[in-house]
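Before any comments, here is the structure.
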Amino acid sequence: MKRINKKVHVLGKDFITTVLVVRKRKIKHHGREYFNYYIDVPKELGEELEKETNTELNEIPILALLRPAEWYYLLDWNQVRRYIRENLKEEIKKELKELGFIDDQ
């Protein structure tokens, strides 16, 4: 399912909410072991971030507030039937509204 990234307004700034997958790789460097973490960004999100960035570098600075995703973050809520949305627990509905995954109805 294609996810549309929602923007939320917090503390006077716009933020994009989305679910990204972090991958871990173990590497060795100068005899020591390290972990590198990689995040694949969907093309649409990458293009949107590039539009908002005024840098000449090949890097895009991003502020990320991270936490492990719950099962209900991974659904495209535009495709979920209305009676399922209405029967969610109130705390889940509130969280999904705050993150911009569902609209206030």
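The values are calculated or read from the model by the stated rules, or taken from the named source; none is laboratory data. Note that the structure is predicted; figures quoted are calculated from it, not measured. When we count neighbours, we look across all protein chains shown, and the Cβ atoms used for this are built from the backbone with ideal geometry, even at glycine.
See the values below:
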{"item": "Per-region count, the range 72-105, residues of a type in the set (A, V, I, L, M, F, W, C) and either closer than 15 Å to Thr17 by Cα or touching a Gly at 6+ places or on another chain (Cβ under 6 Å) (or both)", "result": "7"}
{"item": "Condition broken by Phe101, with the remaining ones in (1) part of a loop (DSSP other than H, G, I, E, B); (2) in contact with a strand residue (DSSP E or B) (Cβ under 8 Å, 6 or more places away or on another chain); (3) loosely packed, with under 10 Cβ neighbours inside 10 Å satisfied", "result": "(3)"}
{"item": "Leading residue by the ranking (nearest to the chain's Cα centre (by Cα)) among those in the range 50-71 that are surrounded by 10 or more Cβ atoms within 10 Å (Cβ to Cβ) and closer than 18 Å to Val22 by Cα", "result": "Ala69"}
{"item": "Top-ranked residue in the range 6-28 [being at pLDDT below 85 and of a type in the set (Val, Ile, Thr); ranked as farthest from Leu75 (Cα to Cα)]", "result": "Val10"}
{"item": "Cβ-Cβ under 9 Å pairs, at least 6 apart or on other chains, the range 76-105 side under 19 Å from Phe15 (Cα atoms) and without any contact (Cβ under 8 Å) to a residue 24 or more places away in the chain, far side of a type in the set (Asp, Glu) and in a helix (DSSP H, G or I)", "result": "none"}
